[in-house]
Amino acid sequence: MQTREAMSPQDSKAAGAEAMEGHKAQSHNRGHMEPTAPLLPPPSPPPTGLPEYPRPRLIFHTQLAHGSPTGRIHGFTNVKELYAKIAEVFNISHSEILFCTLNSHKVDMQKLLGGQIGLEDFIFAHVRGETKEVEVTKTEDALGLTITDNGAGYAFIKRIKEGSTIDRLKTVCVGDHIEAINDQSIVGCRHYEVAKMLKEQPRDIPFTLRLVGPKRAFDMIGMRTKVPKSNEGKIVKGRETLRLRSKGSATVQEVQNEFEERATMKVDDLLESYMGIRDLELATTIVEAGKDKKNPDDFAEALDSVLGDFAFPDVFLFDVWGAIGDVKNGRI
C-alpha cells in the first residue's frame, strides 16, 4: 500500500500559491483572447419567378388620333405596356385606348399597329368615342364581319363585307369596338372567341351589339410619315422594326423578306376565310413556325406548342401548310 508523504505547512502554502497563480494566469489569458470573426448570415435563396427581360431603350413619338401634343414613350415590351405608356403621357386611363395606327391618324386598318413597329414609325392612339347599340338579325350564316383585336382585351371590326347583313346597318363602322353581345360583356375576349360567338348567333332571331367607336376630330391633316432620329441621336434604319411579344422581350429585327411577307398575307387570308378574323401578328407567328419544317406533322406539332389555345382544325393546318409551300416554291 502506497502512502502519501505529509507536506509541511510551508510546502502546502507554496503549492497553494502556485495553484492560485496558475488560476490567475488562465483567467488573464481568457480575458485577452483574440476576438473571433462574427458568423456570416446564411446565403440568400435564389430569386423565384420569371427573370426580368431587358427593355429596349428606343423612344417613339405618339399622339392621340383626334388631336393632342406629341408625347415620347419608351421601355415597353408588349402592346399592353405600350398602351400603359401612352396613357401615362396623356394622363388618361389605358382602358380608353381602343387601338393604334402607325403614321396616320385615320381609322385605316392597313396602318393598324400589330406586333411590329418600325423604328421611324409615329404612333397614333385612337381612344373611346361614341357608344351605340345596334339590333342585328342574321338573314344568312355569315354576318360579313372580320374581327381583330388590339392585343389588350378589345376586339373590334376590321372589315365589313360589301352587301352583307352588317353592311346594311350603316351605324356599324370599321374600327368599332364590340363591347357586348346581348348585354354580355366581351371585354377581355380574343378576336377568335368573339367571331365564334357571332357565328353561333341563330338566324332570324334579333340580338344586340353594343359598340364603341373611336373618337374623331381632325380628318383634314395629312399622314405623318416618319420621325428622323432615335433616342440615341443616331439615324435609324427604316427596314428595322421593334417586334413586340406577349412573352419574353421585345427585339429589334429586320422586316420580313419577300417570302415571309407573301406567306404571311396568304395565311392572313386563310384566317379570315376559316375563322372570320384578321391578325397579321398571328399570321406572322404561324409562318415562322412553318417555314423551316419538312412535313405537315412537324408543322402541326410546332404550331400546337406556340398556339395551342386556338385549336386550329386540321383542314386549316393543311391549307396553311400548302400555302407556305406554294409561296416557298414560287407557285403563288
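In this rough spin-label picture, where each label sits 7 Å from Cα along the Cβ direction, the residue 274-residue 93 distance is 3.8 nm.
Here the Karplus relation 6.51 cos²θ - 1.76 cosθ + 1.60, evaluated at θ = phi - 60°, turns the backbone of the stretch 74-86 into coupling constants of 6, x, 10, 10, 8, 5, 4, 5, 4, 4, 4, 5, 4 Hz, with x for every Gly and Pro.
Any of 132/158; 132/215; 266/328; 111/266; 291/328; 80/196 with alpha carbons more than 20 Å apart? Name them for me. As for pairs spanning more than 20 Å Cα to Cα, those are 80/196. If I model a spin label as a point 7 Å beyond the Cα along the Cα-Cβ vector, how far apart are those points for residue 141 and residue 259 in nm? With each label point 7 Å from Cα toward Cβ, the separation is 3.6 nm. Computed on the stretch 79-153, with alpha-carbon pairs under 8 angstrom and 6+ residues apart, the relative contact order is 32 percent.
Among the protein heavy atoms, those of residue 310 account for about 30 Å² of accessible surface (1.4 Å probe, every chain in place). At the residue level, residue 185 shows approximately 70 square angstrom of accessible surface with a 1.4 angstrom probe and all protein chains present. Of the whole protein surface, residue 74 contributes about 60 Å² of accessible area at a 1.4 Å probe radius. Residues in the stretch 161-177 carry Karplus couplings, in order, of 6, 4, x, 7, 4, 5, 4, 6, 9, 5, 7, 8, 10, 4, x, 5, 7 Hz; the curve used is 6.51 cos²θ - 1.76 cosθ + 1.60 with θ = phi - 60°, and Gly or Pro positions show x.
The candidates 138, 199, 266, arranged from most to least accessible area with a 1.4 Å probe in the full protein assembly, appear as 199, 266, 138.
The values are calculated or read from the model by the stated rules, or taken from the named source; none is laboratory data. Everything numeric here is computed off the predicted structure, so don't read it as measured data. Because the Cβ atoms are built from the backbone with ideal geometry, glycine has one as well, and the counts that use them run over all protein chains shown. Quick note on the areas: whole protein, heavy atoms, side chains included, nothing else; ligands and nucleic acids left out. Shrake-Rupley method; radii C 1.70, N 1.55, O 1.52, S 1.80 Å.
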